[in-house]
Amino acid sequence: MVEGKRFFTLYCDRSRRLCEIRWDFENRLPEQRTREEQRLFLQLGPSLVAVNIWLTTLGADRGYSFGTIYEYAKVLLYALTWLTHMPVQLGTKHAVDLTLFRLSRMDMRALFAWLDIPARDTGARQLLCQTGQLPVGYREHSLSAATRNLRLAALSTFYDWLIAEYLPENVVGDIPLAHPLERPERPLSPEQVRQQPDGLLPLHITQVHRPSKLFRRRQDTPLPQALSPAELQLLFETIPLVSFGHNAANRNGALVRLLLWGMLRVSELVDATWEAVDGQTLQVCGKGRKYRCIPIVDQSTWTYLNTYTNELRLPLEQRFHGALFRQLDHEETPLTKHSVEHLMLALKSHFQASAPPVSPEQQHLMASLAEKLHSHIFRATGATLMAAAGMDHIRLSLLLGHANPETTQRYYLAAEYLDLPQEVKLICLRIQKALEPTQESTPAHSPLGWYERKGYDLAGKGGSNGHRSTQR
């Protein structure tokens with residue numbers, strides 16, 4: 001294959017939630033196609049048909065947003081493009097079959113290695129496909145975990161559907177139905193087999209649980225970080241100190257308070273408009289183009305927002321229309337994510353800079369803010385405060401726009417950690433109070449304690465001197 005030559009094109013229709021991969025040469029007559037194009041058409045044609053049927057199935061499933069379908073389609077486009085390079089396996093140099101139906105685990109390793117190399121480095125990609133050896137400096141190409149997981153999710157979802165739905169009905173032949181992205185099941189040891197409970201069901205020699213994925217990183221998801229009330233108060237006092245320019249303090253004050261009490265994502269904030277405001281309720285468009293209504297009952301948020309809007313240099317009839325937040329220098333342009341991140345960097349730099357002597361408590365707050373401050377922490381703080389105040393789990397899920405209730409549950413755990421120091425302090429005070437009477441009632445040590453326990457009346461009370469008391 002000539003490097004840089006394209007054989008596939010991705011076509012999208014958002015209104016129909018449809019993505020389709022087409023041949024780049026399909027508009028030409030068959031006699032006008034090269035011999036290489038004809039060969040690839042015959043070898044990769046069945047795979048392309050299966051991919052397009054799968055993309056149509058995703059478009060009909062309302063559980064997938066158009067953005068997800070588009071990203072999945074790009075991953076399958078990359079996989080088909082990789083096959084047009086006629087690649088070989090890593091290390092073994094065995095040729096890979098030019099079909100998505102027979103890829104193995106070793107083939108998948110070669111595919112992910114090819115995807116790790118930047119697309120602009122076409123020479124390194126071609127060399128990897130020809131020799132099966134990783135290029136020099138391959139480890140320097142560090143991809144984010146989100147990118148790897150997206151590619152893995154796309155290919156895993158495709159092969160789950162291909163093996164369960166497509167191959168048994170549409171392909172005739174001895175095609176192996178092994179999933180190339182799942183680990184083989186490990187056989188149990190004889191001791192594990194003996195420890196299985198007896199019953200009417202037969203004992204299996206393999207584990208029942210689903211095998212783990214090939215490239216997924218095993219890591220515990222940390223609980224969301226939240227700011228304490230003292231940190232929030234210090235942050236609100238610092239915003240005017242880092243806001244420079246006309247109307248900057250009003251805009252930044254309203255921006256941070258809306259992120260906090262509205263529990264908004266940054267993308268939802270920059271897309272918010274005055275047309276979506278109804279009284280004290282703001283309608284936002286979240287992930288997957290899902291709309292939800294957020295009641296903003298904090299009066300200081302509306303005070304800052306109205307003050308900021310009234311101070312705009314736009315004509316009066318344009319101020320309360322369009323974007324809620326705008327650029328400082330170009331007020332006709334809506335706010336961008338970059339401007340929000342620039343504000344976060346300015347706040348962190350202020351907390352990191354050498355300040356005049358302050359109390360140790362305030363020094364600790366400034367160091368904590370400089371370390372963990374970012375734009376998404378306001379959403380986590382608002383959700384954690386709502387959970388700590390006793391908001392119902394379902395209502396908080398509706399406010400946050402979570403489809404999975406387990407995601408919302410993390411904020412309730414973070415709220416428990418928020419109250420944990422105070423709870424421990426109260427319990428310790430209660431324990432100390434319970435111990436105080438016991439310590440006061442303990443008699444002091446007496447040198448005559450042995451005689452008194454034996455019943456001798458040494459003080460002469462109730463009997464003769466030096467004689468043992470007969471009272472029982």
Yes or no: segment 2-20 includes at least one residue that is of a type in the set (Gly, Ala, Ser) and either out of contact with any helix residue (DSSP H, G or I) (no Cβ under 7 Å at 6 or more places or on another chain) or open to solvent by 70 Å² or more (accessible area, probe 1.4 Å) (or both). yes
Of the conditions (1) under 23 Å from the mean Cα position of the chain (by Cα); (2) closer than 30 Å to residue 365 by Cβ, residue 300 satisfies every one except a single condition; which number is it? (1)
Note on segment 305-316: residues in a helix (DSSP H, G or I), surrounded by 12 or more Cβ atoms within 10 Å (Cβ to Cβ) and more than 31 Å from the chain's Cα centre (by Cα) are 306, 307, 308, 309, 310
All positions within segment 404-421 that are free of Cβ contacts under 8 Å to residues at least 40 places away in the same chain, closer than 24 Å to residue 293 by Cα and open to solvent by 60 Å² or more (accessible area, probe 1.4 Å): 404, 405, 406, 409
Test: residue in segment 277-296 that is touching a residue at least 60 places away in the same chain (Cβ under 8 Å), farther than 26 Å from residue 66 by Cα and open to solvent by 60 Å² or more (accessible area, probe 1.4 Å): no
When you check residue 64 against the structure, is it surrounded by 16 or more Cβ atoms within 10 Å (Cβ to Cβ), among the aromatic types (Phe, Trp, Tyr) and outside any helix (DSSP H, G or I), yes or no? yes
From 155, 128, 150, grab the single residue that is over 29 Å from the mean Cα position of the chain (by Cα) and either surrounded by 13 or more Cβ atoms within 10 Å (Cβ to Cβ) or assigned to a loop (DSSP other than H, G, I, E, B) (or both). 128
I'd like to verify a number: residues in segment 354-375 that are open to solvent by less than 50 Å² (accessible area, probe 1.4 Å) and part of a helix (DSSP H, G or I), how many? 6
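If you check 90, 83, which single one turns out to be surrounded by 14 or more Cβ atoms within 10 Å (Cβ to Cβ), assigned to a loop (DSSP other than H, G, I, E, B) and out of contact with any strand residue (DSSP E or B) (no Cβ under 9 Å at 6 or more places or on another chain)? Reasoning before the result, please.
On the way: 83 fails: assigned to a loop (DSSP other than H, G, I, E, B).
None of the others qualify; the one that does is 90.
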Can you name the number of the only condition in (1) part of a helix (DSSP H, G or I); (2) in contact with a Ser or Thr (Cβ under 9 Å, 6 or more places away or on another chain) that residue 345 fails? (2)
Pull out all pairs, ordered by first then second residue, where Cβ-Cβ is under 6 Å, the residues are six or more apart or on different chains, the first lies in segment 121-142 and is on the phi > 0 side of the Ramachandran plot, and the second is β-branched (Val, Ile, Thr). 132/88
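Report whether or not residue 345 is farther than 20 Å from residue 233 by Cβ, among the aliphatic types (A, V, I, L, M) and modelled with pLDDT under 90. Lay out the reasoning, then the answer.
Numbers: farther than 20 Å from residue 233 by Cβ: yes; among the aliphatic types (A, V, I, L, M): yes; modelled with pLDDT under 90: no.
Judged against the criteria, residue 345 is not a match.
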Kindly evaluate residue 37 against the criterion of being out of contact with any Ser or Thr (no Cβ under 9 Å at 6 or more places or on another chain), assigned to a helix (DSSP H, G or I), farther than 13 Å from residue 84 by Cβ and among the acidic types (Asp, Glu). no
Unmet requirement for residue 330, which otherwise passes all of (1) open to solvent by 20 Å² or more (accessible area, probe 1.4 Å); (2) not in a loop (DSSP other than H, G, I, E, B): (2)
Between residues in segment 6-33 that are closer than 21 Å to residue 56 by Cβ and residues that are surrounded by fewer than 12 Cβ atoms within 10 Å (Cβ to Cβ), which pairs lie under 7 Å by C-beta distance while being six or more apart or on different chains? 20/11; 22/11; 24/6
Matching entry among 378, 351, 325 (being closer than 30 Å to residue 308 by Cα, at pLDDT 90 or above and either open to solvent by 80 Å² or more (accessible area, probe 1.4 Å) or within 23 Å of the chain's Cα centre (by Cα) (or both)): 378
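To keep it simple, each residue is scored yes or no on (1) hydroxyl-bearing (Ser, Thr, Tyr); (2) under 30 Å from residue 180 (Cα atoms); (3) open to solvent by less than 40 Å² (accessible area, probe 1.4 Å); (4) modelled with pLDDT of 95 or more.
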{"site": "215", "(1), (2), (3), (4)": "no, yes, no, no"}
{"site": "224", "(1), (2), (3), (4)": "no, no, yes, no"}
{"site": "228", "(1), (2), (3), (4)": "yes, no, yes, no"}
{"site": "237", "(1), (2), (3), (4)": "no, no, no, no"}
{"site": "245", "(1), (2), (3), (4)": "no, no, no, no"}
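Listed residues 267, 300; which is of a type in the set (Gly, Ala, Ser), assigned to a helix (DSSP H, G or I), open to solvent by 30 Å² or more (accessible area, probe 1.4 Å) and in contact (Cβ under 8 Å) with a residue 60 or more places away in the chain? If you could, list the steps in order and put the result at the bottom.
Details: 300 fails: in contact (Cβ under 8 Å) with a residue 60 or more places away in the chain.
The match here is 267.
The values are calculated or read from the model by the stated rules, or taken from the named source; none is laboratory data. Since the structure is predicted, the reported quantities are computational estimates derived from the model, not experimental observations. Reconstructed Cβ throughout: ideal geometry from the backbone, glycine too, with neighbour counts over all protein chains shown. Note: accessible area is taken over every heavy atom of the protein model, side chains too, but ligands, DNA and RNA are not part of it. Shrake-Rupley method; radii C 1.70, N 1.55, O 1.52, S 1.80 Å.
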